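Coordinate-derived values only; no laboratory data. What you see is a predicted model, and the numbers here were worked out from it, not measured in a lab. No Cβ is skipped: glycine too gets one built from the backbone with ideal geometry, and neighbour counts run over all protein chains shown.
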């Protein structure tokens, strides 16, 4: 059985939030070959959720939980998009708390964890995000370029608009 497809997180295995590991899902009670290991916000401490119960929304419904904090997302007006991101999309790992970017009135898809080395060729396209990050973190662009290292103390998260293909960037510091 192939993994479900997630609109806003198309490769959760590469982001290490879904692993190939046997689990008995606490939601569907089935033995599965893949398990979700990313963030899940619920009163209950839940482990072993399978990707299929994320995709159909049953995990979020059963545990009254969220895979992304709605207060840590860009503003999007379409409630269907918000519901899909919050209740049916695997999150990603951040240093502090994850933030989900948007563009063209919809959430972007997370592409990968990045440092400057991985995104230097996108500098012009990411100019607005880089300027905002430098302003928020009180750093120069040169400091940003030297401090942004994949798996470093300043971690980048690359997103891509599902509609126009524009890349977006946010960062988090350990």
- [ ] Output the residues belonging to the stretch 136-174 that are part of a helix (DSSP H, G or I) and under 19 Å from residue 96 (Cα atoms).
- [x] 136, 144, 147
Task: the stretch 121-135, subset part of a helix (DSSP H, G or I) and in contact (Cβ under 8 Å) with a residue 24 or more places away in the chain, residue farthest from residue 156 (Cα to Cα) - done: 122
TODO: Hey, could you check the stretch 12-38 for residues that are part of a loop (DSSP other than H, G, I, E, B) and without any contact (Cβ under 8 Å) to a residue 40 or more places away in the chain and say which is surrounded by the most Cβ atoms within 10 Å (Cβ to Cβ)?
DONE: 25
Task: Subset tally (residues that are in contact with a helix residue (DSSP H, G or I) (Cβ under 8 Å, 6 or more places away or on another chain), buried (at least 17 other Cβ atoms within 10 Å of the Cβ) and assigned to a loop (DSSP other than H, G, I, E, B)) for the stretch 51-71 - done: 3
